[in-house]
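Report on one structure; see the data block that follows.
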Amino acid sequence: MKKIALTALFMVAVGTLMAQKFAYVDSDYILGNIPEYQVAQQKLDELALEWQEEIEAKFEEIDRLYKEYQSEAVLLPADMRKKREEEIIAKENEAKELQKKRFGQNGDLFKKRQELIQPIQDRLYDAIRDISEQENYAVIFDKAGSLTMLYTNPRFDISDQVLRSMGYRPGGLRAD
């Protein structure tokens, strides 16, 4: 009797697992077909480059000040050497603080990314959730994420369906 009950339970479990629907998307592909995302990413890249050049200029100035100091240090009185050292250290700290402000964990680049990219990612998530609910998918994987997918059958790729539900066609064109 126990064998029959266990076998029946096993069959129900296997049947339940087999009834689950799975799909995957490639979020890199989807985002690459959304012109607003490409524009936002380009803005972020330009800002990052501009800020990086600003920081590099500050460090070049510090390097120049330090080299000047080294060449003049033997001729300077102790109080002037101390003052110049403190000036160089202060400028270095300012540059490091600016670097942290621009590129730190909650820095300007992070905030700008949240402002420009997050709304697009939210729309992508909403579209995936809506399709999942409509099509009754148990799980939708992201092929572009850290999940390793050794083989994917294109039949289960719903990336184009997500793009269409967001109002786009493959190729980055508006479906309007």
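The values are calculated or read from the model by the stated rules, or taken from the named source; none is laboratory data. Values in this document were obtained by computation on a predicted structure and should not be read as measured data. Methodologically, a virtual Cβ is constructed for each residue, glycine included, from the backbone with ideal geometry; neighbour enumeration extends over all protein chains shown.
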Exercise for review: Please tell me if Lys96 is under 15 Å from Ala57 (Cβ atoms) and basic (Lys, Arg).
Suggested key: yes
With criteria (1) out of contact with any Lys or Arg (no Cβ under 7 Å at 6 or more places or on another chain); (2) at pLDDT 90 or above; (3) over 12 Å from Ile30 (Cβ atoms); (4) not polar (S, T, N, Q), Ile120 comes up short on (3)
Of the residues in the range 101-114, those that are surrounded by 13 or more Cβ atoms within 10 Å (Cβ to Cβ), assigned to a helix (DSSP H, G or I) and either free of Cβ contacts under 8 Å to residues at least 40 places away in the same chain or touching a strand residue (DSSP E or B) at 6+ places or on another chain (Cβ under 7 Å) (or both) come to Lys101, Phe110
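Against the definition (in a helix (DSSP H, G or I), touching a residue at least 12 places away in the same chain (Cβ under 8 Å) and hydrophobic (A, V, I, L, M, F, W, C)), how does Phe59 come out, yes or no?
Details: in a helix (DSSP H, G or I): yes; touching a residue at least 12 places away in the same chain (Cβ under 8 Å): yes; hydrophobic (A, V, I, L, M, F, W, C): yes.
Judged against the criteria, Phe59 is a match.
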Being over 13 Å from the mean Cα position of the chain (by Cα), β-branched (Val, Ile, Thr) and surrounded by 12 or more Cβ atoms within 10 Å (Cβ to Cβ) narrows Ile117, Ile88 down to just Ile88
Note on the range 141-176: residues in contact with a strand residue (DSSP E or B) (Cβ under 7 Å, 6 or more places away or on another chain), at pLDDT 85 or above and either of a type in the set (Ser, Thr, Tyr) or farther than 24 Å from Pro35 by Cα (or both) are Ser159, Tyr168
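Determine whether the range 65-77 contains at least one residue that is in contact (Cβ under 8 Å) with a residue 24 or more places away in the chain and within 27 Å of the chain's Cα centre (by Cα).
There is no residue in the range 65-77 that is in contact (Cβ under 8 Å) with a residue 24 or more places away in the chain and within 27 Å of the chain's Cα centre (by Cα).
Just give me the residues in the range 62-82 being loosely packed, with under 12 Cβ neighbours inside 10 Å, assigned to a helix (DSSP H, G or I) and not hydroxyl-bearing (Ser, Thr, Tyr), in sequence order.
Going through the range 62-82, the residues loosely packed, with under 12 Cβ neighbours inside 10 Å turn out to be 64, 67, 70-71, 74-75, 77-79, 82.
When the remaining residues are screened for being assigned to a helix (DSSP H, G or I), the result is 64, 67, 70-71, 74-75, 78-79, 82.
Hits for the range 62-82 are Arg64, Lys67, Gln70, Val74, Leu75, Ala78, Asp79, Lys82.
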How many residues of the range 26-56 are in contact (Cβ under 8 Å) with a residue 24 or more places away in the chain and either of a type in the set (D, E, K, R) or touching a strand residue (DSSP E or B) at 6+ places or on another chain (Cβ under 7 Å) (or both)? The answer is 8
